[in-house]
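Heads up, the thing below is written out as structure tokens.
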Amino acid sequence: SAPDHLHFQSGNKGFMPIENEFDTLRKRFGIVLSQNPQLLVTAINDGLRRFIVLESDNKESLIASFNHIYSYMQDLVNGEEPMLNILSYYQRGWRVMVFMRGKHRPWQYYEEGDKNIMISPGAVDMGGVLTAPLEKDFNKITKEDISDIMNQVSISSADYEKLILHLKTIL
């Protein structure tokens, strides 16, 4: 059956910082999980986000490798629809960035008073454009807050490492 909570957005290429930073991120933090003429799969953990990148011109290779990620994440949530943010664009082939989520919102979103920060990261935020709908949050948020929020909503480090091992053996 089709997932219940799909949400699609489109935008202009070059809008998100991750597009320009990608080669540097791959060089500094990338772990190649699979590489052949049809497909390159890289895991990246830059300390802020943990994600898998699929690169190919071959639709079938992209779908098959994405399905492995989706199935693994679905197993983590007992068969429910897994939380994923996906960024995709074409640049000398398709590049699909899959951000596996651990939770929908950080604890700060639900807090009262000064501790409240109404930020609920989505795909654009994972791509480097953090959206603060309230001016009070824009003015007070710190680098440490952003790091904490992104780490909370990303897949846990332990589950990410298990996913990497799984993908290395199956791809």
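Within region 131-171, how many residues are within 16 Å of Tyr109 (Cα to Cα), of a type in the set (S, T, N, Q) and touching a strand residue (DSSP E or B) at 6+ places or on another chain (Cβ under 8 Å)? Residues meeting the conditions: 1. Scanning region 25-65 for residues that are of a type in the set (A, V, I, L, M, F, W, C), closer than 24 Å to Gly102 by Cβ and out of contact with any strand residue (DSSP E or B) (no Cβ under 6 Å at 6 or more places or on another chain) yields a count of 1. The set of residues in region 28-73 being open to solvent by 60 Å² or more (accessible area, probe 1.4 Å) and either more than 30 Å from Glu144 (Cβ to Cβ) or part of a loop (DSSP other than H, G, I, E, B) (or both) consists of Val32, Gln35, Asn36, Pro37, Gln38, Asp57, Lys59, Glu60, Ile63, Asn67.
Within region 117-132, the set of residues being within 16 Å of Met16 (Cα to Cα) and in contact with a helix residue (DSSP H, G or I) (Cβ under 9 Å, 6 or more places away or on another chain) comprises Pro121, Asp125, Met126, Gly127, Gly128, Val129, Leu130, Thr131, Ala132.
Only helices (runs of 4 or more DSSP H) wholly contained in region 74-171 count here; list those with 1 or more residues that are open to solvent by less than 60 Å² (accessible area, probe 1.4 Å) and touching a residue at least 40 places away in the same chain (Cβ under 8 Å).
Fully inside region 74-171 and qualifying: 123-126, 143-153, 157-170.
In the condition set (1) closer than 30 Å to Leu54 by Cα; (2) more than 19 Å from the chain's Cα centre (by Cα), Asp145 is compliant with all but (2).
The values are calculated or read from the model by the stated rules, or taken from the named source; none is laboratory data. Computed from a predicted structure; not experimentally measured. Don't worry about glycine lacking a Cβ; one is built from the backbone with ideal geometry, like all the others, and counts go over all protein chains shown. When the accessible area is computed, the model is the full protein with side chains, heavy atoms only, and any ligands, DNA or RNA have been set aside. Shrake-Rupley method; radii C 1.70, N 1.55, O 1.52, S 1.80 Å.
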